[in-house]
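Notes to accompany the following structure.
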Amino acid sequence: MAAPVPDKINVLWFLPTHGDSRYLGTQEGGRAVDLPYLRQVAQAADSLGYYGVLLPTGRSCEDSWVVASALAPVTERLRFLVAVRPGLQSPTLAARMTATLDRISNGRLLINVVTGGDPVENGGDGIFQSHAERYEVTEEFLGIYRALLRGEVVEHEGKHFRISDGRLLFPPVQTPYPPLYFGGSSDAGSRIAARMVDKYLTWGEPPADVAGKIANIRALARAEGREVSFGIRLHVIVRETREEAWAEANRLISRLDDDTIASAQSVFARMDSVGQQRMSNLHGGRRDRLEISPDLWAGVGLVRGGAGTALVGDPETVAARIDEYRRLGIDSFILSGYPHLEEAYRFGELVLPRLPLAHATGARAAASNMGPFGETIAGDHRPLLRTGQS
């Protein structure tokens, strides 16, 4: 059977609830995590026409549920990809939170199922299970959680959860429940994705590696009688020329010293996340091997955990690389760039119009304003449109 290729894609942006900066690995150029700034990023993404925003989770981040609840009322179309944490929340509490946020946002909630891969951070949250046990918890959790959101009354006695008369009084807007996103590169994570989630996420590995992951998940899902769709998490560095884009990539890590890189890599090495291991292996902590595939740069991963790669280039190049992943089967792209406010505009203006989007953008509303366009010259007349401009 031929693998399906999506005709259209959804593009999401990222809310930096762990902070934002013009340079990685330093306080220079850093921005505070506060509600006014996050509101600016969310409203920019909403007006530019991004499908939604991902809110990260973990002890380095502001709580994603609280932030999404604060931003839903000040946005119109934007969806919020928010994490449930099977080891931290009971499935019944998570289901109530999910139904409530889906209702108050009028069906704009997406769910990111996060098992967690850092034993030190997990210990700080009171979780001391092994990697295998955490995925057992995740699978049992999802069975209960999905049943509750479907409106079922749950009686359950399992290895990790015991539920008596579990039920929701207020259902979610979306049926049967908000879409479930999930990423896991281990065998256990792959099995859960095949059995229980709607969209499998991968970090931005080279296309051949992503193709292998997709083929594996598809085969596992079909063995379960299911189909799963696919998404990818990437950074983007786009400028009007390739030279400017690569100069910006180098500038982003220009304040990094070897000690900072070594310290970050030691943190990643302690994790039992297979996905993080795959990210770290792409560059090995070395500055001299960062372009790991044409126009795919691993410099972000020198100091940032999780997604550590960026598409770098001019608008045509970045759009072409996105299309390469689309042709592998990816229909959802979760993107980010530093700083996130300016880069949301830059990508939204330079690349979004070149992509086959499944969702509407803000361009139609903007077209109703018939002028003037561009900055008014001397306060009373419009600039001339020069040859070759549009």
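A compact table of results
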quantity	calculated
Estimated distance in nm for a label pair at Val66 and Thr100, the labels positioned 7 Å out from Cα along Cα-to-Cβ	1.4 nm
Cα gyration tensor shape for the range 1-119, rounded if a/c is under 1.5, else prolate or oblate	rounded
Size-normalised alpha-carbon gyration radius of the range 31-97, reference 2.2 N^0.38 Å	1.17
Anisotropy class of the range 225-271 from Cα gyration tensor, a/c 1.5 cut	oblate
Average Cα contact separation per residue, the chain, under 8 Å, 6 or more apart, as relative contact order %	21 percent
Antiparallel bridges, percent of DSSP beta bridges restricted to the range 10-366 (to nearest 5)	20 percent
Length gained when the stretch Glu224-Phe128 is fully extended (0.36 nm per residue, less Cα-Cα span)	31.5 nm
All lysines inside 22 Å of Lys199 as judged from Cα atoms, apart from same-chain residues fewer than 8 positions distant	Lys8, Lys213
The range 298-307 - phi-based ³J(HN,Hα) in whole Hz, Karplus 6.51/-1.76/1.60, Gly and Pro as x	9, x, 4, x, 4, 9, 10, x, x, 4
Sites Ser266 and Ala358 - FRET efficiency at Förster radius 51 Å, r taken between beta-carbons, to 0.05	0.80
Spacing of the two label points (7 Å from each Cα toward its C-beta) at His18 and Glu244, in nm	3.0 nm
Candidate aspartates and glutamates - alpha carbon under 15 Å from Lys159, same-chain residues fewer than 8 apart omitted	Glu133, Glu136, Glu139, Glu140
Residue-count net charge about Glu152 - beta-carbon cut-off 13 Å; Lys, Arg +1, Asp, Glu -1	+1
Sequence-distant residues sharing a close amide H with Val33 (under 5 Å, placed H)	none
For the chain, convex hull volume per residue from C-alpha positions, Å³	155 Å³
Choice from Ile292, Ile232, Ile214 showing the highest fluctuation, given a GNM over the chain with Cα pairs closer than 10 Å	Ile292
Inter-label distance, nm, simple model (7 Å from Cα along the C-beta direction), Leu169/Leu93	1.9 nm
Stokes-Einstein diffusion coefficient of the range 154-242, Kirkwood radius over Cα pairs, 4 °C, 1.567 mPa s, in µm²/s	83 µm²/s
Distant-in-sequence amide H partners of Thr202 (H built 1.01 Å from N, under 5 Å)	Gly231, Ile232, Arg233
Counted charge near Gly124, where neighbours are those whose Cβ lies closer than 11 Å (Asp, Glu -1; Lys, Arg +1)	-2
Karplus (6.51, -1.76, 1.60) ³J(HN,Hα), θ = phi - 60°, over the range 176-181, in Hz, Gly and Pro reported as x	x, 5, x, x, 9, 9
Rounded to 5, the percent of DSSP beta bridges in the range 148-271 classed as antiparallel	30 percent
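A short reminder: the numbers here are calculations on the coordinates, not readings from a lab. Treat the numbers as computed from the prediction; the structure is a model and nothing was measured. As a convention, Cβ positions derive from the backbone with ideal geometry for all residues, glycine included, and neighbour counts pool all protein chains shown.
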